[in-house]
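What follows draws every value from the coordinates through simple rules; no lab data is involved. A quick note: this is a predicted structure, and the numbers were derived from the prediction, not measured. Backbone-built Cβ (ideal geometry, glycine too); neighbour counts: all protein chains shown.
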Amino acid sequence: MKSETRPRPKKNRSKSASARRRWWFQAHAWIGLQLSILLGFVFVTGTFAVFSHEIDWLLEPAMRAPVAVPAEEIAWGAAFDAARRERPEAAWITLDRPVGPAFAVQAVVRTTWQEPVRLWLSPQDGQLLGESGWMNAQRLLRMLHRHLMLPPKVGVPIVSALALPLLVSLVSGLIVYRKFWRGFFRKPRFERRARLVLGDLHRLAGVWGSWFVALIALTGTWYLVESLGGRAPAFPETIPPTERGVPVPASFDGARLDQAIAAARRSIPDLVVQRIQFPDEADGPIVVTGDAAAVLVRVRANRVSVDPVTGDVLGRTRGETLGLHQRIAEAADPLHFGTFGGLPTKLLWFLGGLLMTALALTGVAIYTERVRQGAPARLPEPTDDLEASPAA
Amino acid sequence: MKGRVALWWQGLGWLRWPSALLVLGAFGIALAYQPIAPGWRSHGVREVGTTRVELSTRGLLRRGEAFDVRIEVSSDPAPAASRAFTLRLEGPRAGPIELGSATPPFERAIELPEARTPLALVLSTTQADPPQHGRWILGRAP
């Protein structure tokens, strides 16, 4: 009796599983097609943004350092003096360590007409190598990718909201592609018709790129949370610096900057200075930031605030002392940008970006190929293509 | 290829226009982008003879390119007057500025930066004897 009633529920279960799979497929296809313009644009700009500094290095001769210098031996003070001689009237914003061994030190200052300007300086002796405007490939790609050139308050939520359909697309793709773990080494069937070849390439790129899609979607979701008010708490307040009339006193020179950096290094002995941030108001400190022991944090997580008048250390923060919320916020950028492991991770992230772009393109190509072959212009039903083996 | 693009565009549905608008808009803004806010930037007040003159500029100061200048003049008992005009960063050039009968006429000149000198804008009264000058250092133009 019992054995007679078993087949029916099994058939129902199978029908129900098939319907669920169809639903996931429809979701996957709808997202891929309807959002193809925005996702494709964000993927392409994000991919090239990985190497945006290198693109600028190729385009701007002043960015090329004559000699590579270890980070600990950069002539910060001489660079400050040279930049100040060139732009004595300008307000200081930042002084940055070279992005790579062949790069120059970058000083960013603001002119009296409020234009940010970049000055490029030799890391060996601080000699001025040249000057360039604020807008470059890095800025352009960042602003296009991050907020579509819109005001960040509007653009960041729009772009980061794409992380949610991206997550759904990833999950649905893995559900629809049954036994996807077998697909890592499945050769595309190049001898078959275009639609099958495109499907094979789409699935191959999908399984290899799935970890990267997950990473980008999760960090993107975090950016959405941040843009909607979920920002991590601010770093601890420091002791107020000495009162003065201007953000950076006229007496502050390269020698004083070197003293401030030395004080910062005494405060955090393993600090490898990356950025010196100058105050924009008369009551702000000079903030020396950089890499230290904590992994997967932005350079600002290791920071020492220094009084620009007395040179005293006013406060410090180490990456490893931050709370969980702050650590998540700090980890998002290195994970999203792929900068935490130097050139190897940047290369990997660039390849990941190409894979994501390929997924968007092949997904669209599958759709157009299908419609071209006479199928109706609505979203297709899942077919056996999705689980096809090379032998099929 | 053209046919495939058309098929894709037709299949996009209602999101096609908002998406295209955002992307094309991004390109458009990128082309027109200026890294500074579009408003006026005051460079301070100078006494030129018996007249107080405030000078403001708008836009990037780039060699060979035009930028907007506004001067606001006030002198007791004359009422305040204001005049905006466009200058091009090439020179040396001078020219008169008429602000009406209530305020004295001015001559303006641009000092372009040399090896170690900054960009400056000079206004001189043409009525005073000897002539009085107001000089605004605008910084070093690229």
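For the reader, a short list of remarks on this structure follows.
- Spin-label model distance (nm) - B:Asp129 vs A:Phe184, 7 Å beyond Cα toward Cβ: 9.5 nm
- Charging the Cβ of each Asp and Glu at -1 and of each Lys and Arg at +1, and nothing else, the dipole of the protein assembly as shown about its Cα centre rounds to 4100 debye.
- Radius 12 Å from Cβ of A:Thr368, net charge of other residues (Lys, Arg +1; Asp, Glu -1): +4
- With only Cα atoms counted, the protein assembly as shown has Rg and Dmax values of 30.1, 121 Å.
- Of the DSSP H helices in chain A, those with a Cα length along their own long axis of 18 Å or more and a mean Kyte-Doolittle hydropathy reaching 1.6 comprise A:36-49, A:163-176.
- For A:Thr94, distant residues with modelled amide H under 5 Å away: A:Val108, A:Phe278
- Label point distance in nm, A:Leu348-A:Ala282, each placed 7 Å from Cα along Cα→Cβ: 5.1 nm
- Peptide-level mean, for A:86-93, of C-beta atoms on other protein chains within 10 Å: 2
- Per-residue mean of foreign Cβ neighbours for A:29-42 is 4 (Cβ atoms of other chains, 10 Å radius).
- Shape category assigned to region A:120-211 from the gyration tensor of Cα positions, a/c cut at 1.5: prolate
- Modelled FRET efficiency - R0 30 Å, B:Arg52 with B:Arg116, Cβ distances, 0.05 increments: 0.50
- For region A:2-117: rounded, prolate or oblate by the Cα gyration tensor [a/c cutoff 1.5]: prolate
- Label point distance in nm, A:Arg244-A:Ala17, each placed 7 Å from Cα along Cα→Cβ: 7.2 nm
- Net +/- balance of residues flanking A:Leu224 in space, Cβ distance below 14 Å, scoring K and R +1, D and E -1: +2
- Adding -39500 (n - 2.57) for every DSSP H run of four residues or longer, then dividing by how many residues the protein assembly as shown holds, sets the calculated 222 nm ellipticity at -13500 deg cm²/dmol.
- A cut-off of 5 Å between modelled amide H atoms, ignoring neighbours fewer than 5 places along the same chain, links B:Gly49 with B:His133.
- Extent of region A:95-151 along its three principal axes (Cα atoms, max minus min coordinate, largest first): 40, 30, 14 Å.
- Between region A:249-296 and region A:21-92, the Cα center-to-center distance that results, in Å: 23 Å
- Partner shielding of B:5-16 amounts to 5, given as the average count of beta-carbon atoms from other chains within 10 Å of each residue beta-carbon.
- Two-decimal ratio, region A:188-298, of alpha-carbon radius of gyration to 2.2 N^0.38 Å: 1.86
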